[in-house]
Amino acid sequence: MSRIFSGIQPSGIPTLGNYLGAIRNWVALQQEPDCIWCVVDLHAITAFQDPSVLRQNTREMAAVLMACGIDPDRHILFLQSAVRAHAQLAWIFNCIARLGWLNRMTQFKDKAGKDRENASAGLYVYPNLMAADIMAYHATRVPVGDDQRQHLELANDIAQKFNHDYGIEFFKPIEPLILGPAPRVMSLRDGTKKMSKSDPSDQSRINLNDDADTIALKIRRAKTDPEPLPSEPAGLEGRPEARNLVGIYAALEGTDHAAVLREHGGKGFGPFKESLTDLIVDRLAPIAAETARRLADPGGLDSTLRNGAARAAAIADPIVTEVERVVGFLQS
C-alpha cells in the first residue's frame, strides 16, 4: 500500500492561498486509504518562536486543518514534536547526508539571504528532517509544490545512500505527488507577489478565519486597474491584479479564467468584486465557524492530537528502531 505524508508549519492562520494551493488538495486525497498529516512544529523553530505564540499557532493550524475537512478519525493528524522518531531519524540522516548536497539547497539560500552566517544550523539541515518526516513512516507519496521538489530529491539521495552504505533495501523511492496546476494566489496589494502570511500588511491576504465584513473590506480595497474586465483570458496579459482576482474566483468555483470572463467580462471591478466577495464568504464562512468551535474546546483539540500522535508513533517507532539496529546501536 502506498502511504501519503505531508506536513505544514504552524506559522499562523493559513491564507486563502494556502487553502487553494495545498490544504484543499489534502482533503481531496483522503479518498486514498492511508494518509498522514503533520503539523511540523520542529521545523517551525528553525527561526526563533515566542513559545506562547508557537503553542497558539500550533493549535490554530490543527483546528483549521480539521475545519477544512481533514478527518482525524479516518486518517492521522498529529504534531511532529509529539513523535520522537522524527528527531531520532533526522540525526541519523544528518550523518548520512553530505555537505555538498545541502549546499545546493536553494531554499536555504533564499531564507538565509545575505545573513547566512547568522542562520540557524536547524535551517541548514531542515531538508534532512523533512526526509525523516517522510521515511519514518515508509511513505512513498508526498504532495508538494515546486519549491519542495528539490527537498524530495535530497530525501531520495539520503535513502539511496543509506541503503547502499548498509547493504539493505530498506527505504523505497519517494514520489512527488503532483495534483495538477495549483492556483497561484497573489497579494491583494501587489499582483506580482505571492499571497503570504509573512507580509506585514494584513490587507494583502485573505485569512481563513476572516469574517464576512473583513473579507468584503479587503476585496473592496484590493488593487486593480482602471480598465473593465476583458472578455477573454488574453486580455489579462500585463494586468497582474486583474488576473489574480479572476484566478481566485475561478479556483473557488472550480472553473477556469475563460468561464469567469464569459460571465463577468466587460464589467467594471465594482460589480465583480461584490460577486467575488460573496463567493469567498460562502466558501470560507463554514471554515471560520468550525475553526472557532474547535479552538473553543482546547482540551478536545489536544486530545485529538494526542490520539493522532499515538497512532503515528505506532507506525514510526518500529521503523526507526529497525534503522537504529541496522546502524549498529545497542538496543535493550
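What to note about this one:
- The listed residues are ARG24, ARG98, ARG59, and the only one of them that is assigned by TED's automatic domain parsing to the domain that holds ALA309, of a type outside the set (Phe, Trp, Tyr), closer than 27 Å to SER303 by Cα and modelled with pLDDT of 95 or more turns out to be ARG59.
- Listing of helices (runs of 4 or more DSSP H) fully contained in region 201-276 that carry 3 or more residues being surrounded by 18 or more Cβ atoms within 10 Å (Cβ to Cβ) and out of contact with any Ser or Thr (no Cβ under 8 Å at 6 or more places or on another chain): 240-253
So that you can scan it fast, the table gives a plain yes or no per residue for (1) out of contact with any Leu (no Cβ under 8 Å at 6 or more places or on another chain); (2) over 19 Å from ILE219 (Cα atoms); (3) assigned by TED's automatic domain parsing to the domain that holds SER81:
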residue: PHE269; (1), (2), (3): no, no, no
residue: SER275; (1), (2), (3): yes, no, no
residue: ILE287; (1), (2), (3): no, no, no
residue: THR304; (1), (2), (3): no, yes, yes
residue: ALA314; (1), (2), (3): yes, yes, yes
residue: ASP317; (1), (2), (3): yes, yes, yes
residue: VAL320; (1), (2), (3): no, yes, yes
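- Screening the candidates GLN49, GLN31 for the property of being surrounded by 15 or more Cβ atoms within 10 Å (Cβ to Cβ), assigned to a loop (DSSP other than H, G, I, E, B), without any contact (Cβ under 8 Å) to a residue 24 or more places away in the chain and on the phi < 0 side of the Ramachandran plot yields one hit, GLN49.
- The listed residue being in a helix (DSSP H, G or I), outside the structural domain of ARG283 (by TED's automatic domain parsing) and in contact (Cβ under 8 Å) with a residue 24 or more places away in the chain, out of HIS138, HIS151, HIS164: HIS151
- Filter result for SER303 (at pLDDT 95 or above and among the hydroxyl-bearing types (Ser, Thr, Tyr)): yes
- Within region 314-326, the set of residues being crowded, with 17+ Cβ neighbours inside 10 Å and either over 18 Å from PHE171 (Cα atoms) or free of Cβ contacts under 8 Å to residues at least 60 places away in the same chain (or both) is empty.
- Flag if PHE329 is of a type in the set (Phe, Trp, Tyr) and in contact (Cβ under 8 Å) with a residue 12 or more places away in the chain: no
- Tally of residues being surrounded by 15 or more Cβ atoms within 10 Å (Cβ to Cβ) and in contact (Cβ under 8 Å) with a residue 40 or more places away in the chain across region 277-288: 6
- Only one of ASP157, ASP115 that is in a helix (DSSP H, G or I), assigned by TED's automatic domain parsing to the domain that holds GLY21 and either modelled with pLDDT of 95 or more or surrounded by 19 or more Cβ atoms within 10 Å (Cβ to Cβ) (or both): ASP157
The values are calculated or read from the model by the stated rules, or taken from the named source; none is laboratory data. Because the structure is predicted, anything quoted here is derived from the model rather than measured. Positions of Cβ are backbone-derived with ideal geometry, glycine not excepted, and every protein chain shown enters the neighbour counts.
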